[in-house]
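Structure, as structure tokens:
Read the figures in this text as sums done on the coordinates, not as results from a lab. Keep in mind that what you see is a predicted model, and the values were worked out from it rather than measured. Every residue, glycine as well, gets a Cβ built from its backbone with ideal geometry; the counts of neighbours run over all protein chains shown.
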Amino acid sequence: MPPAPRITVIGTGYLGATQAVCMAHLGFEVLAVDVDPGKIEALASGRLPFYEPGLDTLLVDTLATGRLRFSTDFDDAAAFGDVHFVCVGTPQSSGSDAADLRYVDAAFGELARRITGRALLVGKSTVPVGTADRLAAMVREMSPAGDALELAWNPEFLREGYAVDDTLRPDRLVFGVTSAWAERMLREVFAPLVADGVPVVVADPATAELVKVAANSFLATKISFINAMAEVCEAAGADVSLLAKALSYDDRIGGRFLKPGLGFGGGCLPKDIRAFRARAEELGVSAAVTFLHEVDQINLRRRSRTVDLVRELADGELQGVRVAALGAAFKPDSDDVRDAPALDVARLLYLEGASVVVYDPQANANAHRAYPDLDYASSLAEAVNGADVVVLLTEWAEFVSADPEDMGVLVAHRRIVDGRSALDVENYRAAGWEYRALGRPAEV
Ligand code: NAD
């Protein structure tokens, strides 16, 4: 039996660190490389530089096996790996909707110019369709290994908050390959998952790239669909929560991602749908995805509508009003504040003169770095203490399970905006709270 392929992971953010730890957990020898020495130092000493449930302990456990190493050295990476997973960021470009591919180009370039033997470069980052083909040509030109260095795309679907589980038990694996050898290598690397029954779709790299952006576009559309219905409900005096519930019983529609609220954010969905539109325009098919512009706009409008509800509860004026903003992360169980609707609402309230106190169980530090002007509390009780209005922005379990009576004792006024349709309205009303939620009449 040939030895198992040795794996490198380039980029150790939310995606790459999870990939490196999980691959080592599965029994592979793994070397993970990042250009950020602080991140590498933290990871090498067993400290996760971000919050992800379960990954912290798995990092410590896998480091102890000796199978997982961290480095900033690309020479080391090029010499070590048989399969190199590129997991670097692809943020939105400043000044345009297109993806900024400079980190991807740099990572592939660093490897290509150093690798001298047979190896497989595998892109996992989310990229515009056509990127893999472009990089394959670049790599062929640069690499001393010539045709022995191949390129494949294996898009990643993990969700922050569930990253370990999603990596070890994904819904599917997509291999975008151009040779039988590349497919064989990927099958070897993912053999433990395939043996557990994870389905594999083998495709060309362009299709593989598109699967990822199509999936994110679909999810974003489903969220914005129910939020568009919320807008109509607001105008018609109907209740979007009941509407969503009734729709969810239809198997063809299903209830997941059909929850009305403040909408999507984070480091993926918003920038991915924008980059998809930009790429479609380059390909001359912009009409096929113009709806994604509406999806984006509906999503952004929920933020200003949430501010409207807070203002309404504050008798029409936000100046000097003390608002407790519960949540800053773009979703619960994450400390990620990239394009976070929660933090955006907190910022908008602050800009209207409210005195905003933010509390997030994990994201306070990241939020403070992004918006140092806001005040931050170190507990839920501290945040709501003396509040004129409380606004739920991220549905952390701690907030959803909070007792309205206990919280009511601390606030100046029992007034709450449920930006995530996550609270038990009956409990709040019974405890004397004025309760408002997106897409629902004032009195339900
Ligand atoms: P991130 O910003 O957390 O991590 C990116 C890392 O890449 C950083 O640590 C950065 O220092 C490093 N880096 C940048 N340039 C480098 C280089 N040339 N060489 C080595 N390292 C380099 O980003 P992320 O959230 O992990 O996302 C990475 C990619 O994965 C993106 O394309 C994203 O769209 C995609 N993705 C993310 C998720 C998620 O939930 N975060 C899920 C699926 C796909």
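Some values worked out for this structure:
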| quantity | calculated |
| --- | --- |
| Angle between the chain longest axis and helix 341-351 axis [Cα atoms, degrees, rounded to 10] | 50 |
| Sorted by Cβ density within 10 Å, fewest first, the residues 160, 405 | 405, 160 |
| Footprinting exposure proxy for 70, 291, 157 (fewest neighbouring C-beta atoms within 10 Å first) | 291, 157, 70 |
| In degrees, nearest ten, helix 180-189 long axis to first principal axis of the chain (Cα) | 60 |
| The chain - mean residue ellipticity at 222 nm from DSSP helices (-39,500 (n - 2.57) per run, n ≥ 4, rounded to 500) | -13500 deg cm²/dmol |
| The chain: relative contact order in percent, alpha carbon pairs under 8 Å with at least 6 residues between | 12 |
| Computed magnitude of the charge dipole of the chain (debye, nearest 20; Cβ of K, R +1, Cβ of D, E -1) | 740 |
| Cα-based shape type of the range 7-203, given that a ≥ b ≥ c are square roots of the gyration tensor eigenvalues and the cut on a/c is 1.5 | rounded |
| Tail beyond 30 Å, pair distance distribution of the chain (Cα, percent) | 48 |
| Neighbourhood charge, 14 Å Cβ-Cβ cut-off, centred on residue 8 and excluding it, Lys, Arg +1 and Asp, Glu -1 | -2 |
| Degrees, to the nearest 10: 14-25 long Cα axis against longest axis of the chain | 50 |
| Relative contact order computed over the range 7-203 (Cα-Cα under 8 Å; 6+ residues apart), in percent | 19 |
| Residue order, fewest to most beta carbons within 10 Å, for 245, 331, 259 | 245, 259, 331 |
| FRET efficiency, 1/(1 + (r/R0)^6) with R0 51 Å, evaluated for residue 47 and residue 429 via beta carbons | 0.70 |
| Length-normalised contact order of the range 218-437 in % [C-alpha pairs under 8 Å, at least 6 apart] | 18 |
| Fully extended contour minus Cα-Cα distance, from residue 288 to residue 369, at 0.36 nm per residue | 25.3 nm |
| Residues in the range 1-22 that a label on residue 65 would reach, taking backbone N under 16 Å of a point 7 Å out along Cα→Cβ | 4-9, 17-22 |
| Label-point separation in nm, residue 116 to residue 242, each point 7 Å along Cα→Cβ | 7.4 |
